[in-house]
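These notes are about the structure you will find just below.
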Amino acid sequence: MKKAITPLISTVILIAFSIVLGTLVMSWGNSETFTANSCRDLEIGITTLQGSMDICRNGEILQATIENNGVEKVAGILAFVLYSDGEASYDIKAGIMPGSYKRITQSIGIRSISKIRLVPYIAGSKCTGKRVEIEEVRIC
């Protein structure tokens with residue numbers, strides 16, 4: 001009798017372990033799908049005023065008005081700046097609600113700018129497919 005109970009107990013333990021592992025994998029998969037869907041519903045732009053984009057440089061300060069044209073809240077913007085002699089990245093905490101805009105400022109130094117890439121993020125996930133690129137930054 002003792003020998004028959006041991007395989008039964010090990011089978012029950014193995015089935016329970018499989019159920020727990022399957023539940024963990026399924027919940028992880030659902031959270032990844034939610035993040036991907038959130039990026040899909042995100043859209044940013046730079047506000048246009050009097051025919052030109054509202055992004056400019058005042059000394060070493062970059063100023064821009066960012067629009068949230070999507071349906072998800074933008075938690076922040078990662079600004080990747082390509083200088084003539086290197087590159088740098090800046091994390092701008094924006095908190096832009098859907099359908100609104102926000103004026104951002106960031107100290108970027110006085111080096112010559114070749115290009116700026118603005119990448120929005122939500123809940124810790126970068127949405128690189130929704131980036132905005134600027135090649136000319138006027139003086140404010």
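Bear in mind these aren't lab numbers, they're just calculated from the coordinates by the rules spelled out. Not measured: the values here are computed from a predicted model. Backbone-built Cβ (ideal geometry, glycine too); neighbour counts: all protein chains shown.
A few notes on this one:
- Shape summary of the chain, radius of gyration then Dmax from alpha carbon positions: 24.2, 89 Å.
- Rounded to the nearest Hz, the phi-derived 3J(HN,Hα) couplings of the range 92-106 under the Karplus curve 6.51 cos²θ - 1.76 cosθ + 1.60 (θ = phi - 60°) are 9, 6, 9, x, 9, 6, x, x, 10, 9, 8, 7, 10, 9, 8, where x marks glycine and proline.
- Loop-located trypsin sites (Lys or Arg not before Pro) across the range 56-140 with a Cβ neighbour count of 13 or fewer within 10 Å are 111, with loop assigned by DSSP.
- Within the listed set 85, 54, 41, the residue fluctuating most in the Gaussian network model of the chain (springs between alpha-carbon atoms under 10 angstrom) is 85.
- In nm, spacing of pseudo-spin labels at residue 107 and residue 60 (7 Å Cα→C-beta vector): 0.6
- Between 96, 122, 19, the residue with the greatest mean-square fluctuation in the GNM of the chain (Cα pairs under 10 Å linked by springs) is 19.
- Among the lysines of the chain, pairs that are 8 or more positions apart or on different chains and have alpha carbons within less than 16 Å of each other number 6.
- Residues with amide H under 5 Å from that of residue 83, placed H, sequence gap 5 or more: 88, 114
- Phi-derived couplings, Karplus 6.51 cos²θ - 1.76 cosθ + 1.60 at θ = phi - 60°, listed residue by residue for the range 56-69: 8, 10, 10, x, 9, 9, 8, 10, 7, 10, 9, 9, 9, 9 Hz, with x used for Gly and Pro.
- For the chain, relative contact order (Cα pairs under 8 Å, six or more residues apart, normalised by length) works out to 23 percent.
- Amide H to amide H, with H built 1.01 Å from N, residue 122 comes under 5 Å of 75, 127, counting only residues 5 or more places away or on other chains.
- Spacing of the modelled spin labels on residue 80 and residue 10, each 7 Å from Cα toward Cβ, amounts to 5.3 nm.
- Crossing angle, helix 2-40 versus the chain [Cα axis fit, 0-90 degrees, rounded to tens]: 20
- In this structure, the amide hydrogen of residue 43, modeled 1.01 Å from its nitrogen in the peptide plane, lies closer than 5 angstrom to those of 69, 70, 71, 72, counting only residues at least 5 positions away or on a different chain.
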